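Participant: Got a structure for you, written out below as structure tokens; questions coming shortly.
The values are calculated or read from the model by the stated rules, or taken from the named source; none is laboratory data. Here the structure is a predicted model, which is why all the values come from computation and not from measurement. As a convention, Cβ positions derive from the backbone with ideal geometry for all residues, glycine included, and neighbour counts pool all protein chains shown.
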Amino acid sequence: AFDVLIVGGGPAGAAAAIYSARKGIRTGIVAERFGGQVMDTMGIENFISVKETQGPKLVAALEEHVKQYDVDIMNLQRAAKLVPGDMTEVQLENGASLKAKTVILATGARWREMNVPGEQAFRGKGVAYCPHCDGPLFKGKRVAVIGGGNSGVEAAIDLAGIVAHVTLLEFADTLRADAVLQKKLYSLPNVTVIKSAQTTEVTGTDKVNGLMYKDRSTDEVKRIELEGIFVQIGLLPNTDFMKGAIELSRFGEVIVDAKGQTSVPGIFAAGDCTTVPYKQIIIAMGEGSKAALSAFDHLIRSSVE
Ligand code: FAD
């Protein structure tokens with residue numbers, strides 16, 4: 001059995017593995033795809049102390065760092081069930097079962113996509129999901145934000161300070177964001193809000209040059225010329241297999257306290273799959289390190305064998 005079993009091999013999981021292994025305890029990491037979302041990221045400019053890097057390059061460095069230590073890496077394995085108990089059990093999709101004294105859940109999240117023509121083709125070429133990451137790339141340009149919930153309106157306010165113009169498109173006939181955010185949004189001179197708008201296509205040549213949307217009140221199809229599209233229609237945590245075993249928020253995020261402890265003692269969580277706000281690489285790494293230190297603390301306080 002493992003002292004610490006980490007589920008997920010993104011920045012949170014990799015950090016947790018390094019911190020655990022450095023305590024000299026038996027550490028394993030099981031990941032569907034080592035590197036996680038970072039594998040899908042091209043330019044990274046906010047990983048502090050590294051001016052500019054690319055996702056696959058950062059993942060290679062992460063892997064090299066983890067491999068410096070005695071960590072049992074089980075890549076390309078998907079966890080299917082979490083069973084709390086004296087020893088926590090993680091059942092894999094391939095039928096195997098892993099047991100551990102402590103478990104750190106670091107399974108990350110994925111952005112909800114619009115599923116319209118052009119979205120995939122122009123991903124990273126004008127279609128973006130993270131304003132903190134990619135906002136500065138659109139300095140002085142025209143962008144759209146898709147989604148009028150809190151994250152969409154926050155993104156629009158954030159981007160309005162950087163780009164030339166923001167068009168916010170909301171599918172419903174009202175914005176769902178908090179009133180205070182809406183008030184701020186409507187006070188900005190370079191923001192247009194279009195409600196009852198269903199995005200139907202992303203257009204472009206080598207990069208995005210516009211989007212098509214249907215005005216749902218008239219069924220008329222319209223076009224907006226722009227250079228960037230930020231999709232803000234939800235972040236889906238990869239926590240389905242944990243349902244029933246530990247407490248999740250109404251958004252499906254693992255509820256953790258300040259130490260990364262979940263509702264079940266001995267089970268910790270870190271990174272994008274948790275309730276910790278602001279989903280970023282550097283934050284996921286910090287949270288993963290913290291969860292590992294908490295797991296170690298739990299181990300030294302548990303009954304001595
Ligand atoms: P993830 O990176 O999502 O890793 C999750 C891990 O868990 C993966 O290994 C996955 O395979 C594994 N996993 C999931 N489910 C299971 C399961 N059932 N069983 C086993 N393993 C499982 N952040 C920045 O700071 N700067 C940026 O510039 C930036 N750009 C981004 C660009 C894009 C396109 C995207 C998508 C994200 C970007 N982010 C950026 C966000 C950043 O990538 C995430 O915040 C960060 O990767 C979260 O780390 P994590 O370890 O919590 O989760």
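Participant: If I filter the stretch 214-233 down to residues being within 27 Å of the chain's Cα centre (by Cα) and of a type outside the set (D, E, K, R), which single residue comes out as surrounded by the fewest Cβ atoms within 10 Å (Cβ to Cβ)?
Facilitator: Filtering the stretch 214-233 for residues that are within 27 Å of the chain's Cα centre (by Cα) and of a type outside the set (D, E, K, R), the one surrounded by the fewest Cβ atoms within 10 Å (Cβ to Cβ) comes out as ILE233.
Participant: I would also like to ask the following. Taking the residues in the stretch 210-234 that are of a type in the set (Val, Ile, Thr), in contact (Cβ under 8 Å) with a residue 40 or more places away in the chain and in a strand (DSSP E or B) as candidates, determine which candidate is nearest to VAL193 (Cα to Cα).
Facilitator: Restricting to residues being of a type in the set (Val, Ile, Thr), in contact (Cβ under 8 Å) with a residue 40 or more places away in the chain and in a strand (DSSP E or B), the top hit is ILE224.
Participant: Now a separate question. Given the criterion of a type in the set (Asp, Glu) and closer than 25 Å to TRP111 by Cα, identify the matching residue among GLU220, GLU201.
Facilitator: Among GLU220, GLU201, only GLU201 is of a type in the set (Asp, Glu) and closer than 25 Å to TRP111 by Cα.
Participant: So, one more: Among the residues in the stretch 267-289, are any away from the ligand (no atom under 12 Å from the Cβ), within 18 Å of the chain's Cα centre (by Cα), buried (at least 21 other Cβ atoms within 10 Å of the Cβ) and touching a residue at least 60 places away in the same chain (Cβ under 8 Å)?
Facilitator: Yes: one or more hits.
Participant: Checking the conditions here, which among LYS101, LYS81 is modelled with pLDDT of 95 or more, more than 10 Å from the ligand (Cβ to nearest atom) and not small (Gly, Ala, Ser)?
Facilitator: LYS101
Participant: Taking the stretch 1-18, which residues are surrounded by fewer than 24 Cβ atoms within 10 Å (Cβ to Cβ) and not β-branched (Val, Ile, Thr)?
Facilitator: Hits for the stretch 1-18 are ALA1, PHE2, ASP3.
Participant: Confirm whether THR167 is surrounded by 20 or more Cβ atoms within 10 Å (Cβ to Cβ) and hydroxyl-bearing (Ser, Thr, Tyr).
Facilitator: Spelling it out, THR167 is indeed surrounded by 20 or more Cβ atoms within 10 Å (Cβ to Cβ) and hydroxyl-bearing (Ser, Thr, Tyr).
Participant: In the stretch 1-49, how many are within 6 Å of the ligand (Cβ to nearest atom) and part of a helix (DSSP H, G or I)?
Facilitator: Going through the stretch 1-49 one residue at a time, the tally reaches 7.
Participant: Is there a residue in the stretch 196-203 that is in contact (Cβ under 8 Å) with a residue 12 or more places away in the chain, of a type in the set (D, E, K, R) and either within 23 Å of ASN150 (Cα to Cα) or loosely packed, with under 14 Cβ neighbours inside 10 Å (or both)?
Facilitator: No: the stretch 196-203 contains no residue that is in contact (Cβ under 8 Å) with a residue 12 or more places away in the chain, of a type in the set (D, E, K, R) and either within 23 Å of ASN150 (Cα to Cα) or loosely packed, with under 14 Cβ neighbours inside 10 Å (or both).
Participant: Filter the stretch 180-196 down to the residues that are among the small types (Gly, Ala, Ser) and under 26 Å from the mean Cα position of the chain (by Cα) and list them by number.
Facilitator: Listed by number, the list is empty, since nothing qualifies.
Participant: What number of residues within the stretch 252-266 satisfy the criterion of being in a loop (DSSP other than H, G, I, E, B) and within 15 Å of the ligand (Cβ to nearest atom)?
Facilitator: 5
Participant: Here's a follow-up. Considering only the stretch 56-73, I want to know if a residue exists there that is closer than 30 Å to GLY210 by Cα and either surrounded by fewer than 20 Cβ atoms within 10 Å (Cβ to Cβ) or within 12 Å of the ligand (Cβ to nearest atom) (or both).
Facilitator: Yes, the stretch 56-73 contains a residue that is closer than 30 Å to GLY210 by Cα and either surrounded by fewer than 20 Cβ atoms within 10 Å (Cβ to Cβ) or within 12 Å of the ligand (Cβ to nearest atom) (or both).
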